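Here's the structure, in C-alpha cells; my notes come after.
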Amino acid sequence: MPFPRLHLITDSLAVARAAIDAAGPELAVQVRVEDDVDDRAAYELAAKAVELCAGAGALCLVNDRLHVGLAVGAGGGHVGALDLPVDAARRVLGPGAVLGATARDPDAARQAVAAGATYLGVGPAYATSTKDGLPPPIGPAGVAAVAAAVDVPVIAIAGVTAARVPELRESGAYGVAVIGAIGRAPDPTAATIELLKALS
C-alpha cells in the first residue's frame, strides 16, 4: 500500500472516525495527546484509534509516546525535537515500523533519515494557532529545500489548508499533516475529501 499523503494529527476519536470514513487507506492518523494526559488514557485512546484504522486500512501512528504505540500495535510513531532521538526511537520501535521525525532544514533532515526515519514532518510550513512555541514558518521554499535533500516522503505541517496544498506539492512535499483543517472544520468528512482532492 502506498504511504498515505494525508496525515491527521488528533486526540479525538470522533474526528478520526470522520476522516477515516472519508479517506480509508489514503489516511494516516497520528494520535497525539497533550502532555498532561496520563499513559493509561493515552493507551485507551490509541487502542481505539488502531481499531478504527485497521477496519478501514488506514495507517495509525502514535506521536511522542512510542511505548504506547508499541502496546496498542500501531503501525509506528513520530518523534519531535524534544522526544527520543531518531536512532533511539528506531531501536524502540524495531526495524519494520514506520518512524516519522520532525525536521525544518536540510541538515536535520539528512541526519534524521540516516538515523532511521522513514518519513519527515517538515515545518512549520505556515503560521498556526494549533500548537504553541513553534519556530518561525519556513514556507514552501523551506519545504522545498528539505525535500530536495532527502529521498523519503516529506509531509508538510502547520497552517496547511486545501488551498495551500498545490504550492506545497509543487515545492516537493509528498503530502501534508493537518490538525485544525479537519479537527476544527464544521464538517470533518467534507474537509477530508477536499484535502484528498487537493493532494491527488
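The values are calculated or read from the model by the stated rules, or taken from the named source; none is laboratory data. Only a predicted model underlies this, so the values are computations on that prediction, with no experimental measurement involved. Positions of Cβ are backbone-derived with ideal geometry, glycine not excepted, and every protein chain shown enters the neighbour counts. Just so you know, the surface numbers come from the protein's heavy atoms only, side chains and all, with ligands and any DNA or RNA stripped out. Shrake-Rupley method; radii C 1.70, N 1.55, O 1.52, S 1.80 Å.
Here are the numbers for the structure shown:
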read-out: Convex hull volume per residue for region 92-139, taking Cα atoms only, in Å³; value: 93
read-out: Apportionment of accessible area to carbon and sulfur, the chain, percent (1.4 Å); value: 54
read-out: Dimensionless Rg over Rh [region 151-200; C-alpha; Kirkwood]; value: 0.97
read-out: Cα gyration tensor category, rounded, prolate or oblate, for region 26-120 with a/c compared to 1.5; value: prolate
read-out: Estimated vicinal HN-Hα couplings, Hz - region 138-152 in sequence order (Karplus 6.51, -1.76, 1.60; Gly, Pro = x); value: 9, x, x, 5, x, 4, 4, 5, 5, 4, 6, 8, 9, 10, 10
read-out: Accessible-area value, residue 171, 1.4 Å probe, nucleic acids and ligands omitted, Å²; value: 20
read-out: Top of 124, 25, 85 by mean-square fluctuation, Gaussian network on the chain, Cα under 10 Å; value: 85
read-out: Nitroxide proxy distance, nm - points 7 Å out along Cα→Cβ at residue 148 and residue 36; value: 4.4
read-out: Residue-count net charge about residue 164 - beta-carbon cut-off 13 Å; Lys, Arg +1, Asp, Glu -1; value: -2
read-out: Cα centroid of region 4-36 to Cα centroid of region 167-181, whole Å; value: 15
read-out: Region 1-72, Cα convex hull volume normalised per residue, Å³; value: 77
read-out: Spin-label model distance (nm) - residue 48 vs residue 127, 7 Å beyond Cα toward Cβ; value: 3.6
read-out: Difference of contour (0.36 nm per residue) and Cα-Cα distance, residue 67 to residue 110; value: 12.9 nm
read-out: Residue-normalised accessible area of the chain, expressed per residue, 1.4 Å probe, Å²; value: 46
read-out: Sum of side-chain charges, residue 56 neighbourhood, beta-carbon under 12 Å (Lys, Arg +1; Asp, Glu -1); value: -2
read-out: HN-Hα J in Hz across region 55-70 - Karplus 6.51, -1.76, 1.60, θ = phi - 60°, x for Gly and Pro; value: x, 10, x, 7, 8, 10, 10, 10, 7, 6, 8, 5, 5, 5, x, 5
read-out: Sum of -39500 (n - 2.57) over DSSP H runs of 4+, divided by residues of the chain (222 nm, nearest 500); value: -12500 deg cm²/dmol
